[in-house]
Amino acid sequence: MSILLLAALVGAGAFGAGLLGALTGLGGGIVVVPMLTLLFHVDLRYAVGASLVSVIATSSGAAAAYVREGYTNVRVGVLLEVATTIGALIGAALAGVVSTGALSILFGAVLLFTAYRSFQAPDDHATDAPPHPLAVRLRLDSTYPTREGPRAYTVQAVPAGFAMMFAAGILSALLGIGSGVVKVVAMDRTMKLPFKVSTTTSNFMIGVTAAASAGVYLHRGYIVPEIAFPVMVGVLAGALLGARILAIAQTRWLRLIFTGVVVVLAGEMLYKGITGGL
Amino acid sequence: MTAGGQEGQGRWSDHAVEQLVGRLLQVGVLVAAAVVVAGGIALLAHHGAATADFAVFRSEPSALSSVTGIVRGALALDSRAVVQLGLVLLIATPVARVALTLVAFVVQRDRLYVGVTALVLVLLLYGLVFGHA
C-alpha cells in the first residue's frame, strides 16, 4: 500500500472514530489503536503514539469551550494531574518492557469496561454531603452553573480519587488513550462531583496526561508523521463535526452502534493478545 | 479557581483566567493543526507514492525525534519535520496551559496551588525535554 492510500484510509477511519466518539461522549481515542493495529497492521508503538496525539487535540479543543462555561473545577483538575502525570511517566517507562500480547489483553479489558460503562445509568448521587477533610484543606469544594444560578457542591474521597487517577495515567500512556472513562468514574462515582463537573474536568486533565507520555514517545520514535498526521487531522475533524451536530443526532442508536464496535474490537484485541498475533 | 472569583480581581480573577485558558487551548490546537496539515499535504505530495511500511517498529532517526532536530528540519522545509513540528506544538499546548495556570495562582498568591501546579509543570517538562520516564 502506498503512503497516500494509507493516509487516506487511516484519515477516513480516524474521522469516523472522532465523530462517533464526540457524539457518544466516549471519545474516539479508544478505537484508534485497535483500528490501526488490527485493520492496517501498524506496529502497536506507532499506533499508541498517533493515538495520544489525537487525544491531546480533541481534549484541548473541547476543554477550550468547557472551561469558559465554568463547569471545570480547575483546582481538582490540577491536583489530580499530579497523579495522572506521574502515572503517565511510569506507564511510558513500562511500555518499553511490557509485551505487546499483554498490552493487547489489557486493551481488550479496557474496551469491555468502556462498553459496560456506556450502558450504566447515570448515578444520581447527592453532591452536598459533608466534604472530605482534605477537600476542605485543599479548597476543592466549588460551585457549578445551573439554570437557577451557581450551585455549591462538596468533594468526597480525595485519596481514593487520587489513587484512581494514578491508574488512569498509567493506562493512558500504555494504551495511547485519554482514560476519560476511568477519570469520570473516579470523580463522579468516588469523589461525588456533579456529573457535568466530572466530565468537563476529566476532559481538562486528559490533554495534560497525554502530553506527559507523548513527550517521552516523541523521543523514542513512536510518533511518525505518516501515521500521526492522518490520525490527528481525521479525529479532530470528526470531533469538531460531532460537536456541531450533537443536538440533532440520534445519539441513542449511535451509542448502540459505537458500543457494538467497541465490543467487537475488545474481542479481537483479547484474541490477538492470547494467540500472540499482534 | 472555580470558586467564583473571590480570590482575584480584574485581569486575573478566576473567571478571567478561565477565559484566557480557553483561548490559549483553542489557539494552540488551531495553530498546531494548521502546521500539521500544511506539512502533511507536502509530505503526501513528495512521498505519497512510496510504499508504506509501518508493520515493524524502527526507531526514528534522531532528526525527527528530538525537538532541536525537528525545528532544524522544519526550517529547511522538510515536510516530515514540519508535521512533527505541528505535533510538538500540539504536545506543548497543554504544557502552556499548565504554565498559564501557574502564573494565575502566583498572581492570586495561592501558595498551595502554586506548588501543586509547579510540580505538574516539572513532571511534564521532564518527559518532554529529557524524553525518558
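Per-structure values
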{"read-out": "Under 5 Å, built H, 5+ apart or other chain: amide partners of A:Ser142", "value": "A:Tyr153"}
{"read-out": "Distance in nm between pseudo-label sites at B:His15 and A:Gln250 (7 Å out along the Cβ direction from Cα)", "value": "4.2 nm"}
{"read-out": "Label-to-label distance, nm, for residues given as A:Val136 and B:Leu125 (7 Å Cα→Cβ offset)", "value": "3.6 nm"}
{"read-out": "Descending Cα extents along the principal axes, the protein assembly as shown, whole Å", "value": "61, 45, 42"}
{"read-out": "Where GluC sites (Glu not before Pro) fall in DSSP loop in the range A:46-155, at most 15 other Cβ within 10 Å", "value": "A:Glu148"}
{"read-out": "Simple spin-label estimate for A:His125 and B:Ala55 in nanometres, 7 Å along Cα-Cβ", "value": "4.8 nm"}
{"read-out": "For the range A:178-195, Karplus couplings with θ = phi - 60° (6.51, -1.76, 1.60), whole Hz, Gly/Pro x", "value": "x, 6, x, 4, 5, 5, 5, 4, 4, 7, 6, 7, 8, 8, 6, 7, x, 4"}
{"read-out": "Nearest-0.05 FRET efficiency for A:Ala8 and A:Thr275, computed from C-beta distance (R0 45 Å)", "value": "0.90"}
{"read-out": "Degrees between helix A:158-175 axis and first principal axis of chain A (Cα, 0 to 90, nearest 10)", "value": "10 degrees"}
{"read-out": "Taking A:Leu265, B:Leu87, A:Leu6 and counting other C-beta atoms within 10 Å, the order from fewest to most", "value": "A:Leu6, A:Leu265, B:Leu87"}
{"read-out": "Modelled FRET efficiency - R0 56 Å, A:Glu148 with B:His46, Cβ distances, 0.05 increments", "value": "0.45"}
{"read-out": "The range A:180-245 versus the range A:82-134: alpha-carbon centroid distance in Å", "value": "13 Å"}
{"read-out": "HN-Hα J in Hz across the range A:202-218 - Karplus 6.51, -1.76, 1.60, θ = phi - 60°, x for Gly and Pro", "value": "4, 4, 4, 7, 4, x, 5, 4, 5, 5, 4, 7, 4, x, 5, 5, 4"}
{"read-out": "Qualifying trypsin sites (Lys or Arg not before Pro) for the range B:24-114 [loop in DSSP, other Cβ within 10 Å: at most 15]", "value": "B:Arg58, B:Arg109"}
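Every read-out reported here was derived from the displayed coordinates using simple, explicitly stated rules and does not represent laboratory data. Please read these numbers as outputs of a predicted model, since none were measured by experiment. Reconstructed Cβ throughout: ideal geometry from the backbone, glycine too, with neighbour counts over all protein chains shown.
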